[in-house]
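Visitor: This is the structure I have questions about; it appears just below.
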Amino acid sequence: MTVKIAFATSDRKAVNQHFGAAEAFAIYEVSETDAKLIEVAEFIETAMDGHEGKLAAKVELLGDCAAVYCNAAGASAIQQLLAGGIQPMRVDEGMCIDGLLSGLQQSMVSEPPVWLTKYLKKQSSKSFADDEEWQE
């Protein structure tokens, strides 16, 4: 089982960005035993001006991620992320991405968080529905 997880980061080492004003997202593919960086999406500098258009583009970019770790996110961003099936995760500024990945991997082995269990169940049913279409 693998999931994609995004981190709002300017240095690819720590979570140090607000979702709406994030300069970049580091996207990892994570399993119980491995985590690898698969994409870094960078954006032009954006101010936290309440402009909603930039949020939709970021949510769309993260569309196949299970979660996004950031320092903060506004109510509109949270609403859009949840509607897109992406769990917003607020962490303190400067949290090390490697440490967060390790913690997530440990929880995947022992007791996955509720949001991850829901995500995996949804992915599994989506994959089952896709298989059904091929059999018809």
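Visitor: When the expected Rg is taken as 2.2 N^0.38 Å, what fraction or multiple of it is the alpha-carbon Rg of the chain?
Guide: Relative to the 2.2 N^0.38 Å estimate, the chain comes out at 1.07.
Visitor: Sticking with this one: For residue 43, which sequence-distant residues (separation of 5 or more, or a different chain) have an amide H within less than 5 Å of its own amide H, given hydrogens modelled in the peptide plane?
Guide: 24
Visitor: So, one more: Just how many pairs of Lys in the range 3-135 have C-alpha atoms closer than 25 Å, counting pairs that are eight or more places apart or on different chains?
Guide: 21
Visitor: Would you mind checking which residues have amide H under 5 Å from residue 14's amide H? H placed 1.01 Å from N; only 5 or more apart, or other chain.
Guide: 97
Visitor: Report, in order of residue number, the helices in the chain meeting two criteria: a C-alpha extent of 24 Å or more along the helix axis, and a mean Kyte-Doolittle hydropathy of at least 1.6; treat each whole DSSP H run as one helix.
Guide: none
Each reported figure results from applying straightforward, stated rules to the coordinates on display, with no laboratory input. As the structure is a computational prediction, the values presented were derived from the model and not from experiment.
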